[in-house]
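Colleague: Dropping the structure in here first, questions after.
A short reminder: the numbers here are calculations on the coordinates, not readings from a lab. Keep in mind that what you see is a predicted model, and the values were worked out from it rather than measured.
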Amino acid sequence: MPKLSKATTAPEVTEAPAKADPRDSSLFVGSAEKTFQILHAFDGPHRQMPLSDIAKTAGLDRSAAQRMVYTLEVLGYLRRVHGTRNYALTPKILQFSYNYLRANDVIEKASPYLLEISRSVGETANLQELDGHEIVFVARFPGRHLVNIDIMVGSRLPAYFTASGTAILSRLSMDEREEILSRTVLRPQTPYTVYDPGRLRERVQEAAEKGYAIITNETVMGDISVAAAITDEHGRAVAGLNISVPTTRWTPERAEQELAQHVQVAATSISINKFGGYQR
C-alpha cells in the first residue's frame, strides 16, 4: 500500500495591493476637477440654479464654488439668468460636443447605414459608444414614428440594461465585462429591468453567440431595441447600433425576426468599411 502523503496546509492568501488613487499624483490638478464638478452640477433636472445649490450639488464649499462659477462665467460657459440669482449653462458648452462628433470617424462611417435603416425600415436607428459602465448616444436617425423623444444625442443609459450595451459587452473580454458589471448600479429602471448579475452575464453570452441582442421595456417602457456591435479588426467592440421600435406596433418576436438581420448587416458593413476586416 502506498504511503499517504502528509496533509499540507493551505498557502497563506495575501491580498493584492490596493491601486493607488490617481488623484494623489502631483500631476493631478484639483482646481480642474472642481471646475468639472461645477459643470456636472447641471447634469440633473435643474436647468438653472443659484450659487448655493450649485455648491451643494457639486460637493464644494461656497467659497470655492463662487470662484469657479465666476471664472466659468467670465469664460462664457455659465451665464447669469436675467432678473434672478440663478446661473445656467451657455451654448458654448456645445462646442466640446461638436468637436467630438465632427472628429468621430465611427459616426462618419456609420451614418449612411443608419440613415438607410431609418428610411427603409421606417424606425429609429441609433449609434452608441461605451463610456465607463454606460452607453452614450452619439448619433440618432429618427424613423417615421419617433419612439422616445426624451432620448437624444448625449443621453446615457446603463450598458447592461440596454441592447446596444449588451451587444458591445459581448465583444469585450470577461474581465472587462466583470469590471463594468461591478460599477453598474443594479437597480431596476422599469418593472421589467433584468438586474440579477447571473442573468445579465447569461444575456451577454447569448448575444455573443447570436451576434445581436434584443431587450424590451428595461430602460424605457414601451420600447423594443435590437442591436449589434461594431468591431475593430481584432473583433473588439468600438460601438453599438440599434433599431428602436414601440411595443404598440411591434412584438419582441417580430422585432427579432425582422430587425436582427438589419443591425447585423449594418454593423458588419461598418466594421469592414472602417477597419478593412471583420473578426467574429
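Colleague: Give the long-range amide H neighbours of GLU134: residues separated by 5 or more places, or on another chain, with amide H under 5 Å away, using H modelled in the peptide plane at 1.01 Å from N.
Modeller: Distant-sequence amide H within range of GLU134: ALA159.
Colleague: Would you mind classifying the stretch 18-104 by shape? Square roots of the alpha carbon gyration tensor eigenvalues, ordered a ≥ b ≥ c; an a/c under 1.5 is rounded, otherwise it is prolate if a/b is larger than b/c and oblate if not.
Modeller: oblate
Colleague: Over the stretch 104-275, what is the percentage of antiparallel beta bridges among all DSSP beta bridges, to the nearest 5?
Modeller: Counting only bridges with both partners in the stretch 104-275, antiparallel ones make up about 100 percent.
Colleague: How high is the relative contact order of the stretch 104-275? Use alpha-carbon pairs under 8 Å, at least six apart in sequence, and give a whole percent.
Modeller: 23
Colleague: Cα gyration tensor of the stretch 192-272, axes a ≥ b ≥ c as square roots of the eigenvalues: rounded (a/c below 1.5), prolate (a/b > b/c) or oblate?
Modeller: oblate
Colleague: Just check the chain against the gyration tensor rule for me: Cα atoms, a ≥ b ≥ c as the square roots of the eigenvalues, rounded for a/c under 1.5, and otherwise prolate or oblate depending on whether a/b exceeds b/c.
Modeller: oblate
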